[in-house]
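Worksheet: the structure to be examined is printed underneath.
The values are calculated or read from the model by the stated rules, or taken from the named source; none is laboratory data. Keep in mind the model is a prediction, meaning the values are calculated, not measured. We place every Cβ from the backbone using ideal geometry, glycine too, and count neighbours over all the protein chains shown.
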Amino acid sequence: MIWDFFRYGISNLRKQKLRSWLTMMGIFIGMASVVSLVSLGQGLESSINEQFEAIGVDKLIIQPKGIFGAPTTEVTPLTKNDLKIIENTNGIIDGGGIIIKVAKIEYNDIIRYFTLVGFEADDELVGEIYNIDIEEGRELKKGEKGKVVLGHDFLRGNIFEKQLDLRDRVLVNDDDFKVAGFYETFGNKPDDQTIYLPYDVIEDLYDVDDEYSMLFAKVGAGLDVEVVAEKLRKNLRKSRGVEEDNEDFSIQTPKELLESFAVILNILQIFLVGIAAISLVVGGIGIMNTMYTSVLERTKEIGVMKSIGAKNSDILIIFLIESGILGLVGGGIGVFLGVGFSKLVEIIAAGAGFSVIKVGFPLPLIIGTLIFAFIVGSISGAVPAYKASKLKPVDALRYE
């Protein structure tokens, strides 16, 4: 019986092709927005998880509180003594650090400004954190002067119009350096346009001493990262002479970082899906309008069905199924468009150097979207369907 209702509903909608397509537009635009936004969010979350897995869940990141470069924010830098405290904390088996500055780089008479990162050439922990290999050339050697390693975009991009090659010379803050190598792509523009120099070279360039922008710690295997992080907080508070809740530094565990990203992504997805829901409301109103028109046009037909034994519930189900099919087909088209749009965004982002932006299409998302579309359609057609089911056979047959 129910399949007969479905066949009957499909047959009626096929008779009104143009109206059905116009009605479904609001639904498939809304569903396309939902699918594309959620799939991009899911893909980005998976990509972030992959990055953290590559770094490892046994790392701690220590930063000074404040915002680098903000003129109104005082930042107390981390020091070599802090690194020593980290390395001597029970449960930590390795420590390392980097210094971050903004540098002027000149080549081919063109000047650009990019992030400059300095670290000890033999710092294995920093190598694990960055987790990137040389594409061409070689890494910097310990104590090496006059050499620089550049991000991927300096090799493959169009930063200076003329492409840089190995052994080319560039000016960094007006000091002459020879290019020793280029890193593989990180998957995002800021890292792919970063300049890398030895830590002591940056100290000389900027006339700084005993300063780190960020420190890292590696926790021993089998130990609770959160417990070790708390021990480190106590040791750093004592060493830096600060009280609890008034620290001039912060320690982030992989769990805390992932939770922070998850919260941001969830808020973003909720906001964007909320905007997309407006299209669904418009689509639902369109379905309701179409079903009201259909009830008026088929009043005599309803009267005939009732006169030969159709129950109110049968009429109700027929119109609910019709409106549900409108929603389902609109949802199907929306899924197809959403998948295509999100893949297009991924391709464009990869071409622009942001390969970290990926999409994910979990099966529950696709199935859930189609079910939701059918439900939206059915709910939108509920009032017209109820009105149709309550028509009296005699009045329906007399309707002109």
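A quick yes/no check of all residues on (1) farther than 26 Å from Ile251 by Cα; (2) at pLDDT 90 or above; (3) among the aromatic types (Phe, Trp, Tyr):
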residue: Leu150; (1), (2), (3): yes, yes, no
residue: Arg156; (1), (2), (3): yes, no, no
residue: Phe160; (1), (2), (3): yes, no, yes
residue: Gln163; (1), (2), (3): yes, no, no
residue: Arg167; (1), (2), (3): yes, yes, no
residue: Asn173; (1), (2), (3): yes, yes, no
residue: Ala180; (1), (2), (3): yes, yes, no
residue: Ala221; (1), (2), (3): no, no, no
Next item on the list: Please identify the pairs in which a residue from region 132-144 that is under 14 Å from Val179 (Cβ atoms) and among the β-branched types (Val, Ile, Thr) has its Cβ atom under 6 Å from the Cβ atom of a residue that is part of a strand (DSSP E or B) and at pLDDT 90 or above, counting only partners at least 6 apart or on another chain.
Entry: Ile134/Gly181
Next item on the list: Run Arg237 past the list (1) touching a helix residue (DSSP H, G or I) at 6+ places or on another chain (Cβ under 8 Å); (2) surrounded by 15 or more Cβ atoms within 10 Å (Cβ to Cβ) and report the number of the one that doesn't hold.
Entry: (1)
Next item on the list: For region 127-151, name all the residues that are of a type in the set (A, V, I, L, M), assigned to a loop (DSSP other than H, G, I, E, B) and over 27 Å from the mean Cα position of the chain (by Cα).
Entry: Leu140
Notebook entry, point to check: Restricting attention to region 136-143, does a residue exist that is exposed (fewer than 13 other Cβ atoms within 10 Å of the Cβ) and at pLDDT 90 or above?
Noted result: yes
Next item on the list: Could you grab me the full set of residues in region 155-168 that are in contact (Cβ under 8 Å) with a residue 40 or more places away in the chain and surrounded by 13 or more Cβ atoms within 10 Å (Cβ to Cβ)?
Entry: Gly157, Ile159, Phe160, Leu164, Asp168
Item checked: Failed item in (1) exposed (fewer than 13 other Cβ atoms within 10 Å of the Cβ); (2) modelled with pLDDT of 65 or more; (3) aliphatic (A, V, I, L, M), with Ala70 passing the rest -> (2)
Next item on the list: Return the pairs, sorted by first residue and then second, in which the second residue is in a helix (DSSP H, G or I) and at pLDDT 65 or above, the first residue lies in region 350-365 and is under 13 Å from Leu44 (Cβ atoms) and outside the structural domain of Ile48 (by TED's automatic domain parsing), the beta carbons are less than 8 Å apart, and the residues are 6+ apart or on different chains.
Entry: none
Notebook entry, point to check: Exactly one of (1) part of a helix (DSSP H, G or I); (2) within 30 Å of Thr79 (Cβ to Cβ) is unmet by Ile251. Its number?
Noted result: (1)
